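The structure appears below as structure tokens.
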């Protein structure tokens, strides 16, 4: 992408994005201080150590929950946060307290989600976890392992969840691409990926990718760059041509302000949706520029 488009994006982010995305943009692209990112992220952290307050904008639940905490963990990893930082210690403590020992995972949605504006997929029902399964629990488990001392209680819980999740993975014939992403990131974090796991993951990744570039943007399917995030990925060479088309697609779909529009709708809470949609533009734009830096 040209320098002029990058400048427009930077200006839009500084004018319109949430403070958190502004500081992440500065950190990732302008040598901004990571401490600013941690400070803005901490505004979403509750006293119990978990995260809420619409950090993931499709739900405006202020209470601590697994999805917002997972989002926070991803940002903490982006900044290279270590286990000694208080924001990390508090998040680990929250994960230990909120773990559901009966279901042997973290509940993706909780009843309190229904009390606040949200996208329909964040609505709680008794059967909801059957659809979410290990999204995001397997990745949360990897963060526990990453940020805990070996053989500590959090470390061992992380191992236990990872083991159960791996059994689930190996017995799956199909899986939502978001959950596949969780498994990809979990094994990247832990660095422990047996050959049979990699083979199964590759099978699920390939089944998830929408290879018809004519349908991109018209359906809710995984694009190649949703599943292959680095040139070091083992599937990169096989899908290199399709990835190049995906890169070109990103270049063509950025608007005149240097940002990308949001394709999904809530179909409810229209005023709140427009707030979330605006926030998502900053998040998506940040993510797409990171992708273009990797592949562009």
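The values are calculated or read from the model by the stated rules, or taken from the named source; none is laboratory data. The structure displayed is predicted, hence computed values, not measured ones. Glycine also receives a Cβ, built like all others from the backbone with ideal geometry; neighbour counts cover every protein chain displayed.
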Give the range 268-279 a look and list any residue that's surrounded by fewer than 20 Cβ atoms within 10 Å (Cβ to Cβ) and in a helix (DSSP H, G or I), or say none.
270, 271, 272, 274, 275, 277, 278
Among (1) surrounded by fewer than 16 Cβ atoms within 10 Å (Cβ to Cβ); (2) assigned to a loop (DSSP other than H, G, I, E, B), the one test that residue 163 misses:
(2)
Quick one: is residue 137 in contact with a strand residue (DSSP E or B) (Cβ under 6 Å, 6 or more places away or on another chain), under 14 Å from residue 96 (Cα atoms) and in contact (Cβ under 8 Å) with a residue 60 or more places away in the chain?
yes
Residue 92: part of a loop (DSSP other than H, G, I, E, B), farther than 17 Å from residue 20 by Cβ, modelled with pLDDT of 95 or more and under 20 Å from the mean Cα position of the chain (by Cα), yes or no?
no
Considering the range 1-20, residues that are surrounded by 14 or more Cβ atoms within 10 Å (Cβ to Cβ) and modelled with pLDDT under 95, and then whichever is farthest from residue 281 (Cα to Cα), we arrive at 1
Is it the case, given these coordinates, that residue 206 is part of a helix (DSSP H, G or I), surrounded by 15 or more Cβ atoms within 10 Å (Cβ to Cβ) and out of contact with any strand residue (DSSP E or B) (no Cβ under 7 Å at 6 or more places or on another chain)?
no
When the residues of the range 250-261 are filtered to those that are crowded, with 16+ Cβ neighbours inside 10 Å and without any contact (Cβ under 8 Å) to a residue 60 or more places away in the chain, which remaining residue is farthest from residue 215 (Cα to Cα)?
260
Which of the residues spanning the range 90-103 are closer than 21 Å to residue 147 by Cβ, touching a residue at least 24 places away in the same chain (Cβ under 8 Å) and exposed (fewer than 13 other Cβ atoms within 10 Å of the Cβ)?
97
Could you please find all residues in the range 209-242 being over 20 Å from the mean Cα position of the chain (by Cα), surrounded by 15 or more Cβ atoms within 10 Å (Cβ to Cβ) and in a helix (DSSP H, G or I)?
242
Just give me the residues in the range 114-148 being buried (at least 21 other Cβ atoms within 10 Å of the Cβ), part of a loop (DSSP other than H, G, I, E, B) and under 16 Å from the mean Cα position of the chain (by Cα), in sequence order.
134, 135, 136
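Keeping to the range 166-187, report how many residues are touching a residue at least 24 places away in the same chain (Cβ under 8 Å) and either touching a strand residue (DSSP E or B) at 6+ places or on another chain (Cβ under 6 Å) or in a helix (DSSP H, G or I) (or both).
15
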The one condition in (1) in a helix (DSSP H, G or I); (2) out of contact with any strand residue (DSSP E or B) (no Cβ under 8 Å at 6 or more places or on another chain); (3) without any contact (Cβ under 8 Å) to a residue 40 or more places away in the chain; (4) surrounded by fewer than 20 Cβ atoms within 10 Å (Cβ to Cβ) that residue 23 fails to fulfil:
(4)
Can residue 196 be described as surrounded by fewer than 18 Cβ atoms within 10 Å (Cβ to Cβ), without any contact (Cβ under 8 Å) to a residue 60 or more places away in the chain and under 19 Å from residue 288 (Cα atoms)?
no
Can you report the number of residues in the range 26-63 which are in contact with a strand residue (DSSP E or B) (Cβ under 6 Å, 6 or more places away or on another chain), under 17 Å from residue 144 (Cα atoms) and in a loop (DSSP other than H, G, I, E, B)?
0
